[in-house]
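Asks: Can you read through this structure? Questions will come right after.
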Amino acid sequence: MALDERVSGSIHKYAIKNAYEYGKARVESVLSKVLSIMPEAKADMAALRKAVEEVVEKVNEMDAEWVKKEYEAYAEEFGEEKAEKDENSRPKFVLDGAEEGNFATRFPPEPSGYLHIGHAKVAFLEQKFSEVYKGKLNLYFDDTNPEKEKQEYVDAIKEDLAWLGIKFDSEYYASDSIPKVYSYAKKLILEGKAYACSCDHETIKKNRFGGIECEHRNSDVETNARKFDDMLEGRYDENEMIVRFKGDMKADNTTLRDPTILRVKRAVHYRQGDKYIVWPTYHFNTPIMDSLHGITDVIRDENYELSNALYYEILKTVGLKAPRMHLEGRLNIKNNITSKRTVQKLIKEGKLQGYDDPRLVTLSALRNRGVQPKAIKDFVLRFGMSRVSSTVDISLLLSENKKNIDSTAKRLFYVDDPVEVSISNFAALGKSSISIPLHPTNKDLGQREVALSDRLFIRKDDYAELLDKGGLILKGFATLKPVDQKGAAEGIANAVIEGNIDRRYAAVQWISGNPIKVRVLMPLPPLREDGEFDIDSLKTEEGYAEAYVNGLNDGEVIQFERFGFCSKHSDENGAYFIFLSK
């Protein structure tokens, strides 16, 4: 049976594409592609396979120039197909019920720690939706827990968000609106929908678990109002009196079982000082703040799903308009830590260097390591909006980052585990330096001058190959040939340099002239597979780098050839680098 002309044309087209991209066309690849776009071709698989085999054989007989010309004839079609594929695979950013031109959301960090990549995901999603729906994005500091919050964290959060490039239409703080929250609490008390409770923590916990009403639940309105006023006037110490929302003690959803909405905390607040001693809880304060600030759509962690009922119930009871709620799955990085409490504990114990420790996925750590804001944005948005939590390896983020830095990162030489080589014919070379490009394709980066001397350093493994193969290419310079086969064992090996580059040998990085001794921090994920902290997750290597590194700016990302991308830093001991990725 003769194949349809359209099928025959597709076989030829995709055989050309396969050969152009991979050097040789493969039968299975072409066959799979044709079937994916023309499933009806399965009707005669024998004839289809035979036709594919014949075309692939013919295409593979042709030279690269012929394949290139044939490919160019289809270039426009391939471009359109790629654009369509990219469009179809791109996440769709849609929020149920959201309205264009009538949209406002907020990014709500609590200033009790540093932001991490999970926060970045939410922030970029909210920025994206505010663009899609032509609305507003607000920065809301949820700061009603004076024991944990600090100005240091506020400043760090704002710095991280500015670094990400996220701009906000307004900025506000929960602690600036405490009197408003008091007024809603008083309203609930006077309407018999909230009450003062002096039960101890264990009794409250036991009663809530058992669905048992507190003995104070049915106290009269006047008693509850007086006790609330006494709280405000400082007549109770911490844990002596709280205010609870009158929910449903028999509810299956335990968040509705008379939750605490106000409590006494005498710690000095970083922003309000000792102005207040009664502080609202997150579950009471947040819905009120959202409604008062005109938030129409809230993107919330899926773990808050059960709390949504309380969120809506509080707004309904105080008579405020409720925003739409959208749940979003959490993004986790495999074998890493995002818990503020855990990070703070490890820093206190000296196991982590700080919030910018390069093993972490805090934004300050990623910035310190050399990850670019655009890479983070592209990485987190690839997941789109989903209620499904995901745990991914950090290599996916680092791969995205490589796309951003590969064309602009300067290429330099670094030699770890060095062997010193003495150049016997150095004087005859008649050169004191050579010029080497800073990038193989980005000519705008220019050249760097590399000083030469009668000694140089190469890696120990490369020296072994020098002896085994009889030569190496000193990248960007010349060919190195061994003279003394026993040299390395005696401390300094001997070699000669030949001006021509002999392509039979491998090209290696090398250091000559004035080598700079540098340290390279090698970060690994901080947790082992069993979830315990890995004490060996940050190691330091030492080696020689070329003198050009002294002129690099702190934070600049470069590539040490055949080693990896690194970011440059300085301390009292001189230059050091943090390994980023291969």
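The values are calculated or read from the model by the stated rules, or taken from the named source; none is laboratory data. Bear in mind the structure is a predicted one, so any value in this text is a computation, not a measurement. So basically every Cβ, Gly included, is an ideal-geometry build from the backbone, and we count neighbours across all protein chains shown.
Asks: Could you please find all residues in the range 388-430 being in contact (Cβ under 8 Å) with a residue 60 or more places away in the chain and of a type in the set (Gly, Ala, Ser)?
Replies: Within the range 388-430, 389, 390, 395, 399, 409, 422, 424 meet the criteria.
Asks: Moving on. Hey, any hits in the range 549-570 for a residue that's over 20 Å from the mean Cα position of the chain (by Cα), part of a helix (DSSP H, G or I) and of a type in the set (Phe, Trp, Tyr)?
Replies: No - not one qualifying residue is present in the range 549-570.
Asks: Further, regarding this structure: With respect to residue 428, determine if the residue is farther than 26 Å from residue 299 by Cα and in a helix (DSSP H, G or I).
Replies: yes
Asks: Check off (1) hydrophobic (A, V, I, L, M, F, W, C); (2) closer than 19 Å to residue 388 by Cα; (3) modelled with pLDDT of 95 or more for residue 331 and give me the number that stays unchecked.
Replies: Going through (1) hydrophobic (A, V, I, L, M, F, W, C); (2) closer than 19 Å to residue 388 by Cα; (3) modelled with pLDDT of 95 or more one by one, residue 331 breaks only (3).
Asks: Keeping to the range 122-157, report how many residues are of a type outside the set (Ser, Thr, Tyr) and more than 26 Å from residue 102 (Cα to Cα). If you could, list the steps in order and put the result at the bottom.
Replies: Taking the range 122-157 first, the residues of a type outside the set (Ser, Thr, Tyr) are 122-129, 131-132, 134-139, 141-143, 145-152, 154-157.
Now drop any that are not more than 26 Å from residue 102 (Cα to Cα), which leaves 143, 145-152, 154-157.
The total comes to 13.
Asks: Can you tell me which residues in the range 224-264 are buried (at least 17 other Cβ atoms within 10 Å of the Cβ), under 15 Å from residue 178 (Cα atoms) and of a type in the set (D, E, K, R)?
Replies: Correct list: 263 only.
Asks: In the range 276-312, what residues are of a type in the set (D, E, K, R), assigned to a helix (DSSP H, G or I) and buried (at least 23 other Cβ atoms within 10 Å of the Cβ)? Explain how you work it out, then say what you get.
Replies: Restricting attention to the range 276-312, the residues satisfying the condition of being of a type in the set (D, E, K, R) are 290, 297, 300-302, 305.
Now drop any that are not assigned to a helix (DSSP H, G or I), which leaves 290, 302.
Hit for the range 276-312 is 290, nothing else.
Asks: Just to be sure before I move on: is residue 132 touching a residue at least 12 places away in the same chain (Cβ under 8 Å), surrounded by fewer than 22 Cβ atoms within 10 Å (Cβ to Cβ), of a type outside the set (S, T, N, Q) and closer than 20 Å to residue 360 by Cβ in the structure I sent?
Replies: On the way: touching a residue at least 12 places away in the same chain (Cβ under 8 Å): yes; surrounded by fewer than 22 Cβ atoms within 10 Å (Cβ to Cβ): yes; of a type outside the set (S, T, N, Q): yes; closer than 20 Å to residue 360 by Cβ: no.
Taking the combined requirement at face value, the residue does not satisfy it.
Matching residues to (1) within 21 Å of residue 288 (Cβ to Cβ); (2) out of contact with any helix residue (DSSP H, G or I) (no Cβ under 9 Å at 6 or more places or on another chain):
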| position | (1), (2) |
| --- | --- |
| 112 | yes, no |
| 115 | no, no |
| 119 | no, no |
| 123 | no, no |
| 126 | yes, yes |
| 133 | no, yes |
| 141 | yes, no |
| 146 | yes, no |
| 149 | yes, no |
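Asks: Looking at the range 447-461, can you tell me whether even one residue there is out of contact with any Asp or Glu (no Cβ under 7 Å at 6 or more places or on another chain) and over 26 Å from residue 548 (Cβ atoms)?
Replies: Among the residues of the range 447-461, not one is out of contact with any Asp or Glu (no Cβ under 7 Å at 6 or more places or on another chain) and over 26 Å from residue 548 (Cβ atoms), which makes the answer no.
Asks: Separate question: If you go through the range 209-228 one residue at a time, how many are within 15 Å of residue 261 (Cα to Cα), not small (Gly, Ala, Ser) and not in a loop (DSSP other than H, G, I, E, B)?
Replies: 3
Asks: Also, I was wondering about something else. On the basis of being of a type in the set (Val, Ile, Thr) and surrounded by fewer than 21 Cβ atoms within 10 Å (Cβ to Cβ), does residue 157 make the cut?
Replies: Against the criterion (of a type in the set (Val, Ile, Thr) and surrounded by fewer than 21 Cβ atoms within 10 Å (Cβ to Cβ)), residue 157 does not qualify.
Asks: Out of all the residues in the range 103-110, is one or more in contact with a Gly (Cβ under 8 Å, 6 or more places away or on another chain), assigned to a loop (DSSP other than H, G, I, E, B) and at pLDDT 90 or above? Can you show your working first?
Replies: Within the range 103-110, the subset in contact with a Gly (Cβ under 8 Å, 6 or more places away or on another chain) is 103-105.
In the following step, the residues that additionally are assigned to a loop (DSSP other than H, G, I, E, B) were identified as 103.
With at pLDDT 90 or above added as a condition, the list becomes 103.
Within the range 103-110 (the criterion being in contact with a Gly (Cβ under 8 Å, 6 or more places away or on another chain), assigned to a loop (DSSP other than H, G, I, E, B) and at pLDDT 90 or above), the answer is yes, since at least one residue qualifies.
Asks: OK, next. If you go through the range 512-519 one residue at a time, do you hit one that is at positive phi, touching a residue at least 60 places away in the same chain (Cβ under 8 Å) and part of a loop (DSSP other than H, G, I, E, B)?
Replies: Taking the range 512-519 first, the residues at positive phi are 513.
Still in the running and touching a residue at least 60 places away in the same chain (Cβ under 8 Å): 513.
With part of a loop (DSSP other than H, G, I, E, B) added as a condition, the list becomes 513.
Yes, some residue in the range 512-519 is at positive phi, touching a residue at least 60 places away in the same chain (Cβ under 8 Å) and part of a loop (DSSP other than H, G, I, E, B).
Asks: Out of all the residues in the range 334-367, which are closer than 15 Å to residue 578 by Cα, polar (S, T, N, Q) and surrounded by fewer than 19 Cβ atoms within 10 Å (Cβ to Cβ)?
Replies: Of everything in the range 334-367, just one residue is closer than 15 Å to residue 578 by Cα, polar (S, T, N, Q) and surrounded by fewer than 19 Cβ atoms within 10 Å (Cβ to Cβ), namely 353.
Asks: What is the residue count in the range 412-427 for residues that are surrounded by fewer than 20 Cβ atoms within 10 Å (Cβ to Cβ) and either over 15 Å from residue 481 (Cβ atoms) or of a type in the set (Phe, Trp, Tyr) (or both)? Spell out the reasoning first.
Replies: Our first condition is that a residue be surrounded by fewer than 20 Cβ atoms within 10 Å (Cβ to Cβ); within the range 412-427, this holds for 416-417, 420, 422, 424-427.
If we keep only those that are either over 15 Å from residue 481 (Cβ atoms) or of a type in the set (Phe, Trp, Tyr) (or both) as well, we get 416-417, 420, 426-427.
The total comes to 5.
Asks: Which pairs turn up if I take residues in the range 450-463 that are assigned by TED's automatic domain parsing to the domain that holds residue 493 and look for partners that are outside any strand (DSSP E or B) and β-branched (Val, Ile, Thr) with beta carbon separation below 8 Å, at least 6 apart in sequence or on another chain?
Replies: Within 8 Å, the pairs are 455/492.
Asks: Run down 169, 143 and say which single residue is surrounded by 20 or more Cβ atoms within 10 Å (Cβ to Cβ), closer than 25 Å to residue 284 by Cα and not small (Gly, Ala, Ser).
Replies: Working: 169 fails: surrounded by 20 or more Cβ atoms within 10 Å (Cβ to Cβ).
Only one candidate passes the filter, namely 143.
Asks: In this structure, is residue 406 at negative phi and in contact with a Phe, Trp or Tyr (Cβ under 9 Å, 6 or more places away or on another chain)? Steps first, answer last, please.
Replies: Working: at negative phi: yes; in contact with a Phe, Trp or Tyr (Cβ under 9 Å, 6 or more places away or on another chain): yes.
Answer is yes for this residue.
Asks: Which of the following residues is small (Gly, Ala, Ser) and free of Cβ contacts under 8 Å to residues at least 24 places away in the same chain: 499, 555, 564? Spell out the reasoning first.
Replies: Working: 499 fails: free of Cβ contacts under 8 Å to residues at least 24 places away in the same chain; 555 fails: free of Cβ contacts under 8 Å to residues at least 24 places away in the same chain.
From the options 499, 555, 564, the qualifying one is 564.
Asks: Does residue 55 meet the test of being touching a helix residue (DSSP H, G or I) at 6+ places or on another chain (Cβ under 6 Å), in contact (Cβ under 8 Å) with a residue 24 or more places away in the chain and in a helix (DSSP H, G or I)? So that I can check it myself, show each step before the final result.
Replies: Details: touching a helix residue (DSSP H, G or I) at 6+ places or on another chain (Cβ under 6 Å): yes; in contact (Cβ under 8 Å) with a residue 24 or more places away in the chain: yes; in a helix (DSSP H, G or I): yes.
When the stated conditions are applied, residue 55 passes them.
Asks: Taking the range 12-29 as the region of interest, how many residues are of a type in the set (Ser, Thr, Tyr) and either in contact (Cβ under 8 Å) with a residue 24 or more places away in the chain or buried (at least 21 other Cβ atoms within 10 Å of the Cβ) (or both)?
Replies: So in the range 12-29, the residues of a type in the set (Ser, Thr, Tyr) come out as 14, 20, 22, 29.
Then keep just the ones that are either in contact (Cβ under 8 Å) with a residue 24 or more places away in the chain or buried (at least 21 other Cβ atoms within 10 Å of the Cβ) (or both); that gives 14, 20.
Within the range 12-29, residues that are of a type in the set (Ser, Thr, Tyr) and either in contact (Cβ under 8 Å) with a residue 24 or more places away in the chain or buried (at least 21 other Cβ atoms within 10 Å of the Cβ) (or both) number 2.
Asks: So residue 377 fits all but one of (1) touching a helix residue (DSSP H, G or I) at 6+ places or on another chain (Cβ under 7 Å); (2) more than 30 Å from residue 496 (Cβ to Cβ); (3) surrounded by fewer than 19 Cβ atoms within 10 Å (Cβ to Cβ); what number is the exception?
Replies: (3)
Asks: Another question about this same structure. Can you tell me which residue among 327, 331 is more than 22 Å from residue 112 (Cβ to Cβ) and surrounded by 16 or more Cβ atoms within 10 Å (Cβ to Cβ)?
Replies: On the way: 331 fails: more than 22 Å from residue 112 (Cβ to Cβ).
Among 327, 331, only 327 is more than 22 Å from residue 112 (Cβ to Cβ) and surrounded by 16 or more Cβ atoms within 10 Å (Cβ to Cβ).
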